[in-house]
Amino acid sequence: MKRKVLLIYTGGTIGMEKDYETGSLQAFDFGNIFQKIPEMKLIECEVSVYPFKKPVDSSDMGPKEWKFIANHIGENYDNYDGFLILHGTDTMSYTASVLSFMLKNLKKPVILTGSQLPIGDLRTDAKENLLTSLYYASLYENNEAVIQEVTIYFEYKLLRGNRTLKYSAEFFDAYQTPNYPVLGQSGVHLNVKKDYLWRNKTDDQFMVDDHISQDVLFWRIFPGMHLNHFTQIPNVKVLILQVFGSGTIFNTPKTLKTLQMLRDQGTEIVVISQCVSGGISFGKYSNSNIFTKIGAISGHDITAESAITKAMHLLDNPNYEGNFAENFVRNLCGEVTE
Ligand code: ASN
């Protein structure tokens, strides 16, 4: 049986080609993708292409585009077996993370991919990324989708989307999931590590919850940071503090006073680590005690991209019972180690 895949093209380098007169990159008409990659016809699935009217560099992606993609998948959920999103690489981890929170109880694959070099380039990585992503997006066994979550496929690796970070602007191997194993690898054989795949614990129906609040701020501390700057953190509903190692911060009375003041005015403080591997462990060092004192939320081993989009999704979301902190510490869809 030929599986049906909906390919949503949002922009990024993958859909660009060099204008040989000017030397600059420009978007090409993605409706013609089959002419650019005739090999696509050899894949055992039926592909429908939905290109964004105005393809964007992924630095222009945000809540409007995230909601559009989530709802477009929602509207077409019953008509397709899998979904492939072609996306610029710079913010792909944010989109993958937010979609994992918006697309509830997924039972079908959602794969994001892109490329470091444009599709027309002689050394492009776009073809392999696109073709193997199509393979994963249409992979079924016993009439059930093998992948039932939002993933990124890039440079021979299938990764859990909400665990990824773009760690290289140079290498083809641009993404990592330091706190979660690779879900699948493409070598001579294409494999999937089934034990690591996400499975919903309930039989609840698929649904889209596109709630997003933008009253979230991300603040990275550093040694020598002027405490006057620290005291000027704007009044936001959620502050994500990226602190040292396993959860430490400069231990001065002003630090405690400032954070306590924010808490008193109702700001939720989420603490995540500057280390990309491992995570927060309050109480390990006395320099993390401030956080326990003020009732901060531990982000544990979540990525910055996931923490930001999870906070945006949960803040003031009427579809969640319980308060922000209770929901934030829950593992919603594989984004944090339990
Ligand atoms: N600036 C591009 C983007 O994120 C980078 C890429 O796709 N390789 O849209």
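The values are calculated or read from the model by the stated rules, or taken from the named source; none is laboratory data. The structure displayed is predicted, hence computed values, not measured ones. Using ideal geometry, Cβ is built from the backbone for each residue, glycine included, and neighbour counts are taken over all protein chains shown. Please note that ligands, DNA and RNA were not included when accessible areas were found on the heavy atoms of the full protein model with its side chains. Shrake-Rupley method; radii C 1.70, N 1.55, O 1.52, S 1.80 Å.
Determine which member of the set 168, 213 is in a loop (DSSP other than H, G, I, E, B) and within 27 Å of residue 324 (Cβ to Cβ).
Numbers: 168 fails: within 27 Å of residue 324 (Cβ to Cβ).
The conditions single out 213.
Evaluate segment 138-153: report whether one residue or more is of a type in the set (S, T, N, Q), more than 19 Å from the chain's Cα centre (by Cα) and crowded, with 24+ Cβ neighbours inside 10 Å.
Looking for residues that are of a type in the set (S, T, N, Q), more than 19 Å from the chain's Cα centre (by Cα) and crowded, with 24+ Cβ neighbours inside 10 Å, one finds at least one in segment 138-153, hence yes.
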### Message
Being hydroxyl-bearing (Ser, Thr, Tyr) and modelled with pLDDT under 95 narrows it down to one residue among 168, 186, 93; which is it?
### Response
186
### Message
Going by what's in this entry, would residue 101 be described as open to solvent by less than 10 Å² (accessible area, probe 1.4 Å), in a strand (DSSP E or B) and more than 11 Å from the ligand (Cβ to nearest atom)?
### Response
no
### Task
Inspect segment 217-228 for any residue being more than 21 Å from the chain's Cα centre (by Cα), surrounded by fewer than 21 Cβ atoms within 10 Å (Cβ to Cβ) and not in a loop (DSSP other than H, G, I, E, B) and give the result as yes or no.
yes
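Return the total of residues in segment 37-90 being open to solvent by 60 Å² or more (accessible area, probe 1.4 Å), in contact with a helix residue (DSSP H, G or I) (Cβ under 9 Å, 6 or more places away or on another chain) and within 16 Å of the ligand (Cβ to nearest atom).
2
Just the residues that are over 27 Å from the mean Cα position of the chain (by Cα), more than 15 Å from residue 253 (Cα to Cα) and exposed (fewer than 14 other Cβ atoms within 10 Å of the Cβ), please, taken from segment 271-291. Full working, then the answer.
Residues of segment 271-291 over 27 Å from the mean Cα position of the chain (by Cα): 283-290.
Then drop every residue that is not more than 15 Å from residue 253 (Cα to Cα), which leaves 283-285.
283, 284, listed by residue number.
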### Message
Within segment 21-36, take every residue that is open to solvent by 30 Å² or more (accessible area, probe 1.4 Å) and hydrophobic (A, V, I, L, M, F, W, C) and give me the one that is nearest to residue 101 (Cα to Cα).
### Response
27
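Listed here are the residues, each with its yes/no results for (1) touching a Ser or Thr at 6+ places or on another chain (Cβ under 9 Å); (2) among the small types (Gly, Ala, Ser); (3) open to solvent by less than 10 Å² (accessible area, probe 1.4 Å).
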| residue | (1), (2), (3) |
| --- | --- |
| 269 | no, no, yes |
| 303 | yes, no, no |
| 308 | yes, no, no |
| 320 | no, no, no |
| 325 | no, yes, no |
### Query
Of all residues in segment 8-36, which are away from the ligand (no atom under 16 Å from the Cβ) and either closer than 20 Å to residue 170 by Cα or not in a helix (DSSP H, G or I) (or both)?
19, 20, 21, 22, 23, 29
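Looking at this structure, is residue 115 assigned to a loop (DSSP other than H, G, I, E, B), within 13 Å of the ligand (Cβ to nearest atom) and in contact with a Gly (Cβ under 9 Å, 6 or more places away or on another chain)?
Yes.
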### Query
If only one of 130, 158 is under 20 Å from residue 12 (Cβ atoms), in contact (Cβ under 8 Å) with a residue 24 or more places away in the chain, touching a helix residue (DSSP H, G or I) at 6+ places or on another chain (Cβ under 8 Å) and not in a strand (DSSP E or B), which one is it?
130
